[in-house]
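The values are calculated or read from the model by the stated rules, or taken from the named source; none is laboratory data. Keep in mind the model is a prediction, meaning the values are calculated, not measured. Using ideal geometry, Cβ is built from the backbone for each residue, glycine included, and neighbour counts are taken over all protein chains shown. To get the accessible areas, we keep the full protein, side chains included, count just its heavy atoms, and leave off ligands, DNA and RNA. Shrake-Rupley method; radii C 1.70, N 1.55, O 1.52, S 1.80 Å.
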Amino acid sequence: GKPKLVHLPEPKASESVASKRVEATVSADGSAQIDWKVEVTGSSASSWRQRYHAKATQRQRVQEDLASELPGLEVQAVTSSDLDDIERKVEIHAKARAPSFARKDGETRTIPVGAKEHMVRTYAPLSSRRRDIRIYALSTQENETVVKLPQGAKILGAPHSAEGNSPYGFFKVETETNGTTVRVKTTVAITKSRIPASEYAAFRAFCEQVDRELGQTVTYTVSK
């Protein structure tokens, strides 16, 4: 027949979602039991399938991938969905122990909550550009962190909510404090796949704005 060159439709950011949830039960000494879950759909799912396909190395992979976020992490168990079923979303679930989850500074302790700053590093590391940026795929990243502080903890500094929109995407930080339990959920979406060089400064400013609101912390003391 007669071949025809076409452009495939670009999936929306809402169709490629990487959703992570961390629940940490913190002890008085700053260590924590970690329950970590991730669900991935869309453009990034194939790389997650490849990374975690072999059951024998799943525990090692989780250990490697979380080492920068949780130094000294000891992964105790890992389970996953059927990664051969490409119609299902990728699901990885791990239980672990973090011996130094809370950083001690005198009488206070600090815990990072929510997603880490990553937008400038990932998308706009250069101070200026002469060529357009072509982003691989529109995507959404969701990170939820639930921290259960030890009995007797007094929160000195809690995370704050924030949100913003731009022509390149949007972000939202939701926070909730209930007694000694702190919950932070961050959502970041990239909704434009080609950034003209003439708009790079504005795009980088958006990435910087997002990074300022990510990487929040909770600071507390524990009564003796």
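So, in the stretch 145-179, how many residues would count as being in a loop (DSSP other than H, G, I, E, B) and open to solvent by 50 Å² or more (accessible area, probe 1.4 Å)?
The initial filter retains those residues of the stretch 145-179 that are in a loop (DSSP other than H, G, I, E, B), namely 149-152, 158-161, 167-168, 179.
From what's left, open to solvent by 50 Å² or more (accessible area, probe 1.4 Å): 151, 158, 160-161, 167, 179.
The number of residues fulfilling the criteria is 6.
Take Arg21 and tell me if it is at pLDDT 95 or above, open to solvent by 50 Å² or more (accessible area, probe 1.4 Å) and not in a helix (DSSP H, G or I). Step through it out loud before you land on a result.
Details: at pLDDT 95 or above: yes; open to solvent by 50 Å² or more (accessible area, probe 1.4 Å): yes; not in a helix (DSSP H, G or I): yes.
Taking the combined requirement at face value, the residue satisfies it.
Only one of these is in contact with a strand residue (DSSP E or B) (Cβ under 6 Å, 6 or more places away or on another chain) and under 18 Å from Thr110 (Cβ atoms): Val173, Val188, Val210. Name it.
Working: Val188 fails: under 18 Å from Thr110 (Cβ atoms); Val210 fails: under 18 Å from Thr110 (Cβ atoms).
Selected residue: Val173, the only one of Val173, Val188, Val210 that is in contact with a strand residue (DSSP E or B) (Cβ under 6 Å, 6 or more places away or on another chain) and under 18 Å from Thr110 (Cβ atoms).
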>> Take the residues in the stretch 130-144 that are over 9 Å from the mean Cα position of the chain (by Cα) and buried (at least 20 other Cβ atoms within 10 Å of the Cβ); name whichever of them is nearest to Ala158 (Cα to Cα).
In response: Thr140
>> With the structure loaded, tell me whether Val147 is closer than 10 Å to Val210 by Cβ, touching a strand residue (DSSP E or B) at 6+ places or on another chain (Cβ under 7 Å) and at pLDDT 95 or above or whether it fails that test.
In response: no
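Out of Ala102, Ala96, report the one residue that is open to solvent by less than 20 Å² (accessible area, probe 1.4 Å), in contact (Cβ under 8 Å) with a residue 24 or more places away in the chain and farther than 30 Å from His53 by Cβ.
Values: Ala96 fails: farther than 30 Å from His53 by Cβ.
Residue meeting the stated conditions: Ala102.
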